[in-house]
Number of protein chains: 2
Amino acid sequence: MRGAQGDLLRLVAAGHAESRAELARLSGLAASSVSLRVEELIGSGLLVEEGAGTSRGGRRPRRLRLSPSAGLLAVADLGAHHARLGLLDLSGTPLVVEERPCEIADGPEATIDWMAAAFEDLLAAHGPPGVPLRGVGTGIPGPVDPATGRVVAPSRMPGWNNFPVAERLGAHFDLPVLVENDANLMAAGEARSWPKCETLMVLKAGSGIGCGVMVNGALHRGRGAAGDISHVRVRSDSSVTCSCGHDDCLEAYASGAALMSVLNEQGIEVRRPADVVALVEDGVPEATALVRNAGRLIGEVLTVLVNFINPDAIVVGGSLSPAEPLIASIRAAVYERCLPLATRDLEISTTRSGPDAALLGAGSLLLDAVLA
Amino acid sequence: MRGAQGDLLRLVAAGHAESRAELARLSGLAASSVSLRVEELIGSGLLVEEGAGTSRGGRRPRRLRLSPSAGLLAVADLGAHHARLGLLDLSGTPLVVEERPCEIADGPEATIDWMAAAFEDLLAAHGPPGVPLRGVGTGIPGPVDPATGRVVAPSRMPGWNNFPVAERLGAHFDLPVLVENDANLMAAGEARSWPKCETLMVLKAGSGIGCGVMVNGALHRGRGAAGDISHVRVRSDSSVTCSCGHDDCLEAYASGAALMSVLNEQGIEVRRPADVVALVEDGVPEATALVRNAGRLIGEVLTVLVNFINPDAIVVGGSLSPAEPLIASIRAAVYERCLPLATRDLEISTTRSGPDAALLGAGSLLLDAVLA
DNA sequence: CCATCTTCCTTCGAAATCGAAGATATGGCG
DNA sequence: CGCCATATCTTCGATTTCGAAGGAAGATGG
């Protein structure tokens, strides 16, 4: 997929362009060059022409789409006790998504080999015959060094520290490989659902607290830990020591794990963050109060970041996100304390991409590698 | 300066490239095309060949520089009671820099007209004859809407709210005009001195507290308030109401103005932030303690941002920055509390560009407009 | 001092890209 | 319905860009 043609494909795949004219506008190439290239791409079976779009006052554009047989991407999102796995076509549309149990504590070798086998599984069961796999990618619940594809100092992944995940996964497939933090993938996935938002913060509120940032339309990786807010010190009366060794980390008060441990101590049995959401929906006051407090603490941290980054939107996802009081108190804290200029057009809402956000994000980022 | 040629000029002007070979590497153009273009640019008097560079194991490169007669930029940095003004050549090198008294409280019309006159002044006195002015720009001690060039909701600039600064300045000069927040300009200026740092936080500690951010080599503007940290709530025993109406803003404790007011209450007379620095250098314990506390508070705020953005460096500038205890306690707070991954290669130090950082930044940003 | 390697830069035919003009298709309006 | 304005897409000659080959200048190492 040599240079300029890859650019055109990417624009179509990412949903930015649907016609030759749009491609010309967005790519900066002359309309005639675009036509030539598109003809070639159609000739080689990567693009297909599909009906006509709506007129904007003149001749209707001929819609372009990636051919469903252009290729497949196999993507995964690893959690502590289960993994979501999916196959996407090159435009990022899911063919299948499954959730399977999987213990990350089994260590990297076992988990990655299991993932490779699961991908083969999905391909055999759902892959249209003759359509080649073009890339594989996975999200990891911990920091990933963007340069090397290694996991770096994860807090809840025993045995994974410094493990070369990308390398191991690449040994199974001779293809472009993507390994990225799960919250970062969520951010990349949500970005497709927020086309007007150049800078976006995506909060993953589950048993941990993660956050991914898109700045100017691109994922901001920093040194691999960018977006981390879980070990920010929060204002609090009591004093709790976090697993990281510091006192009063956000994670120690507002993560799903923290909420669950408090509830369990109070004799209210919960096993997963979703159970907390259920309690809130049932109107159990202890749970509601806890969730509301968590939202306030998270919101106070976001306050600093909103003033600093001025995002266009804050998206809340993760297994705790369906709990209404969570987002309500995040909103309250942010709107109350941030600069008017920063909140004037700021939208704070729950995920538009749903539980597959990370898989979609993996697809989106993989495209860049596959169509390079 | 049509497209591709502008790109080449910009690479030379910004100091990224010094030879045809480097231009070819950085611009992505073929070496032969670069040679052609460079020949034209030399022909039209914008570039000059100047001696030979150092060999990297083969033939020595022929050094390229922007012609001193290619053009001038007039830039300013407005403060509350004075302004720095300068002329730069197109490679951003200052020809003159002057500081003149100037009351921003006189309102936008008077100030901007004064600035225009001062620019004419400088040109008459120091502009080489026949070299055209190619752009003007200024820094403003308040938020600027990047889209319109208007000042938005500034806290200490009576009469400036919503004033179209860029428009008024443009009325004096029919040229590209840049209006930008002063801390943002400082960030753009420092960035040239930190060539290996893709993402950079630049703190301006003066009578106020400002901050500018470069993300992936580009200034991050957000909605015009990006980088604002002055109204972050800090942990504190007492309770102070800030001018913004909220309690316990960083600015109310750690800004130069706040330090000065405390010192004056204690009967130690200070009029400018530099006086505070002098007291610290004289070993006056009240001043040192205050500055150290300010550094700690600032550092605690930076903690959150460092974890989130993972900058490559934090640069401290502004009139308070020469006070050693300030940066020492910022360092202490950040290194103590941030994630190891975020601080591993993080450099925290004082300005490399000195007091002209904002002027240099204005030049750097103006170039993009002038050579577009 | 000479062969060899590296890097810088230019030359020149091949290939890609452009842009102006025109062909095609559609909506709007009298 | 016919005409105009608008937008999409193609054709084709002019221009730009590329890339392979080679010349120029210096480093390296016998």
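Structure values in brief
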| read-out | value |
| --- | --- |
| Qualifying residue in the stretch B:73-93 (condition: more than 23 Å from the chain's Cα centre (by Cα), in a loop (DSSP other than H, G, I, E, B) and more than 16 Å from DNA strand C (Cβ to nearest atom)) | no |
| Unmet criterion (only one of (1) part of a loop (DSSP other than H, G, I, E, B); (2) away from chain B (no Cβ under 12 Å)) for A:Arg168 | (1) |
| Yes/no for A:Ala76 being in contact with a Ser or Thr (Cβ under 6 Å, 6 or more places away or on another chain), under 22 Å from A:Gly361 (Cα atoms) and at pLDDT 95 or above | yes |
| In the stretch A:165-221, the residues that are open to solvent by 30 Å² or more (accessible area, probe 1.4 Å) and under 26 Å from B:Lys196 (Cα atoms) | A:Glu198, A:Asn216, A:Gly217, A:Ala218, A:Arg221 |
| Of residues in the stretch B:232-243 being crowded, with 16+ Cβ neighbours inside 10 Å and either touching a residue at least 40 places away in the same chain (Cβ under 8 Å) or in contact with a Lys or Arg (Cβ under 8 Å, 6 or more places away or on another chain) (or both), the one nearest to the other protein chains (Cβ to nearest Cβ) | B:Val232 |
| Output for the stretch B:135-151, where each listed residue is buried (at least 22 other Cβ atoms within 10 Å of the Cβ) and touching a residue at least 60 places away in the same chain (Cβ under 8 Å) | B:Gly135, B:Val136, B:Gly137, B:Thr138, B:Gly139, B:Ile140, B:Pro141, B:Pro143, B:Val144 |
| Residue list for the stretch A:56-86, restricted to those being near DNA strand D (Cβ under 7 Å from one of its atoms) and surrounded by fewer than 15 Cβ atoms within 10 Å (Cβ to Cβ) | A:Arg56, A:Gly57, A:Gly58, A:Arg59, A:Arg60 |
| Filtered residue count, the stretch B:1-42, keeping only those that are in a helix (DSSP H, G or I), hydrophobic (A, V, I, L, M, F, W, C), in contact with a helix residue (DSSP H, G or I) (Cβ under 9 Å, 6 or more places away or on another chain) and near DNA strand C (Cβ under 8 Å from one of its atoms) | 6 |
| Filtered residues of the stretch A:17-41 (kept if closer than 24 Å to A:Pro132 by Cα and either open to solvent by 50 Å² or more (accessible area, probe 1.4 Å) or in the same structural domain as A:Gly92 (by TED's automatic domain parsing) (or both)) | A:Glu18, A:Arg37, A:Glu39, A:Glu40 |
| The lone exception for A:Gly92 - which of (1) open to solvent by less than 20 Å² (accessible area, probe 1.4 Å); (2) at pLDDT 95 or above; (3) not hydroxyl-bearing (Ser, Thr, Tyr) it fails | (2) |
| Meets criteria (crowded, with 24+ Cβ neighbours inside 10 Å, part of a helix (DSSP H, G or I), within 14 Å of chain A (Cβ to nearest Cβ) and out of contact with any His (no Cβ under 8 Å at 6 or more places or on another chain)) for B:Val276 | no |
| Odd one out for A:Pro325, checked against (1) open to solvent by less than 10 Å² (accessible area, probe 1.4 Å); (2) part of a helix (DSSP H, G or I); (3) more than 14 Å from every other protein chain (Cβ to nearest Cβ) | (1) |
| Residues satisfying the stated conditions in the stretch B:244-273, i.e. within 20 Å of B:Leu305 (Cβ to Cβ) and within 13 Å of another protein chain (Cβ to nearest Cβ) | B:Cys244, B:His246, B:Asp248, B:Cys249, B:Leu250, B:Glu251 |
| Condition broken by A:Gly45, with the remaining ones in (1) surrounded by fewer than 12 Cβ atoms within 10 Å (Cβ to Cβ); (2) near DNA strand C (Cβ under 10 Å from one of its atoms); (3) within 24 Å of A:Pro176 (Cβ to Cβ) satisfied | (2) |
| Residue check, B:Val131 more than 16 Å from DNA strand D (Cβ to nearest atom), of a type in the set (Val, Ile, Thr) and either assigned to a loop (DSSP other than H, G, I, E, B) or open to solvent by 10 Å² or more (accessible area, probe 1.4 Å) (or both) | yes |
| Unique residue being more than 7 Å from chain A (Cβ to nearest Cβ) and closer than 16 Å to B:Gly142 by Cα when the list is B:Arg192, B:Arg221 | B:Arg221 |
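The values are calculated or read from the model by the stated rules, or taken from the named source; none is laboratory data. If you're wondering where the values come from, they're calculated on a predicted model, not measured in any experiment. Please note: Cβ atoms are built from the backbone with ideal geometry, for glycine as well, and neighbour counts cover all protein chains shown. For accessibility, only protein heavy atoms count, side chains too; no ligands or nucleic acids. Shrake-Rupley method; radii C 1.70, N 1.55, O 1.52, S 1.80 Å.
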